[in-house]
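Chemist: This is the structure I have questions about; it appears just below.
Since every read-out is calculated from the coordinates, none of them should be taken as a lab result. Because the structure is predicted, anything quoted here is derived from the model rather than measured. Cβ sites come from the backbone with ideal geometry, for glycine too, and all protein chains shown count toward neighbours.
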Amino acid sequence: LGRYYFDPGYRHVDVRAAAEMVADRARPDDIVLVPTVKMVFDWYDRGEHPTATIQPGELGDDIDPGALVAERVVDHRYLWYVQARSWVHDPEGRLLNWLDHNQRRISRTELDGVVVSLYDLQPGASDD
């Protein structure tokens, strides 16, 4: 807790607000990709949505971000990407870059230390 109160470089990550936002807006069959802070997200989300994660080091230079996403989000139309402390799992921003260039971003919300983005994984498909 010392860093929280006394380190001006330490930034609070409001995962609770991110989980509440997703809970309020997501459909039951949406999937939430939560690298780095998944355990905290799951605590506040109360298991209402399927979640996936990317472990530190899993997105190496030889790994295609698209293949990694496809493996995690099979059979889901919408992906919520909860981006917090991305220097841990994606220091070069390869995952976010791939999502922004290959999927249709519907929304992006900045919270305290967290960015929540919603992507349509099947652009052009009819919306049920």
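Chemist: Treating the range 6-79 as a set of equal point scatterers at the Cα positions, no solvent, please give the Debye-formula log₁₀ I(q)/I(0) at q = 0.11, 0.18 Å⁻¹.
Modeler: Relative scattering, expressed as log10 I(q)/I(0), comes to -0.33, -0.79.
Chemist: Compare the Cα positions of Leu59, Asn97, Tyr78 along the charge dipole of the range 52-109 (+1 at Cβ of Lys, Arg; -1 at Cβ of Asp, Glu; about the Cα centre) and return the one farthest towards the positive end.
Modeler: Tyr78
Chemist: Next question. When only Cα pairs under 8 Å and 6 or more residues apart are kept, what is the percent relative contact order across the range 32-128? Walk me through the intermediate numbers first.
Modeler: Values: 133 pairs, mean separation 27.9, N = 97.
Once divided by the residue count of the range 32-128, the mean separation gives 29 percent.
Chemist: Now a separate question. Any idea what log10 I(q)/I(0) is at q = 0.21 Å⁻¹ for the range 31-128, Debye with uniform C-alpha scatterers and no solvent?
Modeler: Here the Debye-derived log intensity ratios amount to -1.16.
Chemist: What's the angle, to the nearest 10 degrees (0 to 90), between helix 15-25's Cα axis and the longest principal axis of the chain?
Modeler: The helix 15-25 is inclined about 30 degrees to the chain.
Chemist: Is the range 54-93 rounded, prolate or oblate when judged by the Cα gyration tensor, a ≥ b ≥ c being the square roots of its eigenvalues, rounded requiring a/c under 1.5 and prolate requiring a/b larger than b/c?
Modeler: Values: a/c = 2.57, a/b = 1.37, b/c = 1.87.
Judged from the Cα gyration tensor, the range 54-93 comes out oblate (a/c at least 1.5, b/c at or above a/b).
Chemist: Can you tell me what share of the DSSP beta bridges in the chain is antiparallel? A percent to the nearest 5 is fine.
Modeler: Working: 13 of 18 bridges.
If we restrict to bridges inside the chain, about 70 percent are antiparallel.
Chemist: Could you give the dipole magnitude of the chain about its Cα centre, charging the beta-carbon of Lys and Arg +1 and that of Asp and Glu -1, in debye to the nearest 20? Can you show the working numbers first?
Modeler: On the way: 14 positive and 23 negative charges, 66 e Å.
Using only the charged Cβ atoms, the result is roughly 320 debye.
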